Amino acid sequence: MTATNNRIHDLTLVHPGDRIEVWDQDHLRHAGTVSQAAPHLGVLWILEDATGIPKLIPAQDHRLHHAPPA
């Protein structure tokens with residue numbers, strides 16, 4: 001599991017190009033690169049590493065962590 005000091009609490013600190021991991025309870029659900037961030041809406045769009053598919057991530061439903069570079 002990703003270290004807690006990498007946890008994202010403020011979406012205004014997330015920018016396109018940042019790599020993040022999306023956790024649901026103790027399971028890694030998605031990992032990818034942020035393509036767009038809408039902090040005022042509480043969502044991010046990422047390009048998922050494994051599939052290359054864009055994913056809409058509602059931040060309130062997940063734990064987000066900065067990921068190490070690929």
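Can you send over the carbon and sulfur percentage of the accessible area for the chain, probe radius 1.4 Å, protein chains only? Let's see the in-between values first.
Numbers: 2360 of 4430 Å².
The C+S portion of the solvent-accessible surface of the chain is 53 percent.
Select from Thr51, Thr12, Thr33 the residue whose mean-square fluctuation is largest in a Gaussian network model of the chain (Cα-Cα springs shorter than 10 Å).
Thr51
Over the chain, what relative contact order in percent results from Cα pairs under 8 Å that are six or more residues apart? Can you show the working numbers first?
Working: 137 pairs, mean separation 24.4, N = 70.
Over the chain, the number comes to 35 percent.
Under the classification rounded if a/c is under 1.5, otherwise prolate if a/b is larger than b/c and oblate if not, where does the chain fall, given a ≥ b ≥ c as square roots of the Cα gyration tensor eigenvalues? Intermediate values should be presented prior to the final figure.
Values: a/c = 1.29, a/b = 1.04, b/c = 1.23.
It is rounded, given that a/c, with a ≥ b ≥ c, falls under 1.5.
Can you give the net charge of the other residues whose Cβ lies under 12 Å from the Cβ of Trp23, counting K and R as +1 and D and E as -1?
Numbers: positive: Arg7, Arg29, Arg63; negative: Glu21, Asp24, Asp26, Asp61.
Around Trp23, the charge tally is -1.
Can you give the accessible area per residue of the chain, in Å², using a 1.4 Å probe?
Details: 4430 Å² over 70 residues.
So the chain comes to 63 Å² accessible per residue, rounded to a whole number.
Under a crude label model (7 Å from the Cα following the beta-carbon direction), how far is Asp61 from Thr12 in nanometres?
2.6
The values are calculated or read from the model by the stated rules, or taken from the named source; none is laboratory data. What you see is a predicted model; the values in this text were computed from it and never measured. Note that we place each Cβ from the backbone using ideal geometry, even for glycine, and neighbour counts take in every protein chain shown. Surface areas here come from the heavy atoms of the whole protein model, side chains and all, with no ligands, DNA or RNA. Shrake-Rupley method; radii C 1.70, N 1.55, O 1.52, S 1.80 Å.
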